[in-house]
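Report on the structure given below.
Values quoted throughout were computed directly from the atomic coordinates according to the rules given, and no laboratory measurement underlies them. Remember, predicted model here, so these are calculated numbers, not experimental data. Quick reminder, even Gly has a Cβ in these numbers, built from the backbone with ideal geometry, and neighbours come from all protein chains shown.
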Amino acid sequence: MHTTTSAPRGVILFAHGSRDPLWSAPIEAVGRYIQQHHGTAIAVRCAYLELTAPDLPSAVQDLVDGGIRQITICPMFLGVGRHAREDLPALVQALRTAHPDTDIQVQSAIGEDPRMVALMASIACEPQ
């Protein structure tokens, strides 16, 4: 996912990654949705912890190179496992050190947002 970077802020959808190239399709779809609904107001990138490119430092660097100085990282995890508890904070600390003029914020894991919980419950209860 790559958009023209003239936006005042950036969003990075951060997921685990997989050897299966189809695995990232839902993450990329969320990125396209953001792009379609927010246009140039938000520069969106997808980034992955492992097995899939680009990684988080590359996505941040791409936004910074495009002039973005406000970045929100959205962990696309259903829960707070080891990656969200340990790996992501270490990565973010290194990124904040590498880019001291950039405001890098991290949201909670998307699956822990009450709106997502309600949406998943609604989908689960729909008759097939």
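Angle, helix 56-65 long axis vs. longest principal axis of the chain, Cα atoms, 0 to 90°, nearest 10?
In the chain, helix 56-65 runs at an angle near 50 degrees to the longest axis.
Could you tell me how many degrees, from 0 to 90 and to the nearest 10, lie between the Cα long axis of helix 114-125 and the main elongation axis, the longest principal axis, of the Cα atoms of the chain?
Helix 114-125 and the main axis of the chain meet at about 30 degrees.
Taking the Cβ of each residue in CYS74, CYS125 as the centre, tally the other Cβ atoms inside 10 Å and list the residues starting with the fewest.
Least crowded to most crowded, the residues run CYS125, CYS74.
So what is the relative contact order of the stretch 9-125, in percent, for Cα pairs below 8 Å that sit 6 or more residues apart?
Reported relative contact order: 28 percent.
Distance from the Cα centre of the stretch 11-33 to that of the stretch 48-125, in angstrom?
One Cα centre to the other: 12 Å.
Amide H to amide H under 5 Å from ARG9: which residues, 5+ apart in sequence or cross-chain, H placed 1.01 Å off N in plane?
Residues meeting the criterion, in which the H sits 1.01 Å from N, are ALA43.
Which angle between 0 and 90 degrees, to the nearest 10, do you get for helix 88-98 versus the longest principal axis of the chain when only C-alpha atoms count?
20
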